[in-house]
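The values are calculated or read from the model by the stated rules, or taken from the named source; none is laboratory data. Predicted model only: the values in this text are computed from it and were never measured. Here Cβ is always computed from backbone atoms with ideal geometry, including for glycine, and neighbour counts include all displayed protein chains. What goes into the accessible areas is simple: the full protein's heavy atoms, side chains included, and nothing from ligands, DNA or RNA. Shrake-Rupley method; radii C 1.70, N 1.55, O 1.52, S 1.80 Å.
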Amino acid sequence: MSQAASPERPALHGRVILVAGAAGGLGAAASVACAQAGATVVLLGRKVAPLNRVYDAVKAVGPEPVLYPLDLVGATPDDFDELAQRIQAELGRLDGVLHCAAEFKGLTPLLHTDPADFARAIHVDLTARWWLTQACLPLIAESDAGAVVFAIDDPARGGSNAFWGGYGLAQSAQETLVPMLQAELGEHGPRISGLRPGPMRTALRGKAFQPNTDMQARPPGDYAAACVELLSVAGAAQRGRVLELPA
């Protein structure tokens, strides 16, 4: 990782960053870190009350953020197009998108997975992420340092990729999406990258591991600086790649 930006000009000074899943563990920590780095953060999430808590934390350390409640389960491509249009109308720009929203019910054998749960995981963890990216790319392309970052989990770090269902499949698909999309956008288009953090102490991980025995898990805030770097010009070296961080 490169050296931190100088105090005189934070890494995301004047930028507008959309964080999807801003109320989750990594999303909340990254939102605060982006604000500390000078960004105006658009906080996208499903539940208003948790978003409000993140809003207060972000406002305390940086520019006033923008709340955008949206349930990705039911959101359509038109909803994402409207989001991009509103960002352009109200903020005039969009420099980056950080995907942290996730859907995971718990470890279940594929043969016994509820079809609706499987479809919901694939949708939130892959399809909705792409729809949001697709809607925002024209606006991001206008930025001189536009970037899209996908937070990607690695279930196999827990010892096996069995029982992770649609969530696990969506992680593999995103790992393919990153270089594919970058190849299509070219070396001068928006930067597309992935971030594979180590195990994090989050509510999602708590559905698969007992917290009192999950000694590898670290606080999400330990990986927030990496999110900022990938969204900033310092992340250029990771264009089209998935950055894997040690546990």
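Determine the relative contact order of the stretch 131-247: mean sequence separation of Cα pairs under 8 Å and six or more apart, normalised by residue count, in whole percent. Before the final figure, lay out each step's value.
Details: 144 pairs, mean separation 38.8, N = 117.
Reported as a whole number, the value is 33 percent.
Probe radius 1.4 Å, ligands and nucleic acids ignored: give me the carbon and sulfur share of the accessible area of the stretch 86-205 as a rounded percent.
Details: 2940 of 5370 Å².
Carbon plus sulfur share of accessible area: 55 percent.
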Worksheet item: To the nearest 500 deg cm²/dmol, what mean residue ellipticity at 222 nm is calculated for the chain from DSSP H runs of n ≥ 4 alone, each contributing -39,500 (n - 2.57), summed and divided by the residues?
Response: -11500 deg cm²/dmol
Worksheet item: Where in the chain are the DSSP H helices whose alpha-carbon span along the long axis reaches 20 Å or more and whose Kyte-Doolittle mean is at least -1.0?
Response: 77-91, 165-185
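Using a 1.4 Å probe on the protein heavy atoms, what percent of the accessible area of the stretch 10-59 belongs to carbon and sulfur?
On the way: 870 of 1640 Å².
The value for the stretch 10-59 is 53 percent carbon and sulfur by accessible area.
Over the stretch 64-183, calculate the relative contact order: mean separation of alpha carbon pairs under 8 Å at least 6 apart, over the residue count, as a percent. Intermediate results must be reported in sequence, preceding the final value.
Values: 121 pairs, mean separation 41.9, N = 120.
Relative contact order here is 35 percent.
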Discussion item. Please give the Cα centre distance for the stretch 160-205 versus the stretch 10-86, rounded to the nearest Å.
Written reply: 20
Discussion item. Ordering M180, M215 by accessible area with a probe of 1.4 Å, largest first, what comes out?
Written reply: M215, M180
Item to complete: State whether the stretch 11-160 is rounded, prolate or oblate according to the following rule on the C-alpha gyration tensor (a ≥ b ≥ c being the square roots of its eigenvalues): a/c under 1.5 gives rounded; otherwise a/b larger than b/c gives prolate, and the remaining case gives oblate.
Response: prolate
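With +1 on the Cβ of every Lys and Arg and -1 on the Cβ of every Asp and Glu, and nothing else charged, how large is the dipole of the stretch 115-192 about its Cα centre, in debye rounded to the nearest 20?
Values: 4 positive and 9 negative charges, 40 e Å.
Value, rounded to 20: 200 debye.
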Fill in: Proximal aspartates and glutamates to K47, defined as alpha-carbon separation beneath 16 angstrom and excluding residues fewer than eight positions away on the same chain
D56, D71, E103
Item to complete: Work out how much length A119 to V61 would gain on full extension: take 0.36 nm times their residue separation and subtract the Cα-Cα distance, in nm to one decimal.
Response: 17.1 nm
Practice prompt. For the chain, calculate the relative contact order in percent as a whole number, restricting contacts to Cα pairs under 8 Å that are 6 or more residues apart.
Written response: 21
Practice prompt. Using label points projected 7 Å from each Cα along Cα→Cβ, tell me how many nm separate S172 and T127, to one decimal.
Written response: 1.9
Fill in: Fully extended contour minus Cα-Cα distance, from D144 to K105, at 0.36 nm per residue
10.1 nm
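Can you compute the charge dipole magnitude of the chain about its Cα centre, using +1 on each Lys and Arg Cβ and -1 on each Asp and Glu Cβ, nothing else charged? Give it in debye, rounded to the nearest 20.
Numbers: 20 positive and 25 negative charges, 121 e Å.
So the magnitude is around 580 debye.
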Discussion item. Can you give the local net charge around D71? Use residues other than it whose beta-carbon is closer than 15 angstrom to its beta-carbon, Lys and Arg +1, Asp and Glu -1.
Written reply: -1
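Return one whole number: the accessible area per residue of the chain in Å², for a 1.4 Å probe. Walk me through the numbers before you get to the answer.
On the way: 11590 Å² over 247 residues.
It amounts to 47 Å² per residue over the chain.
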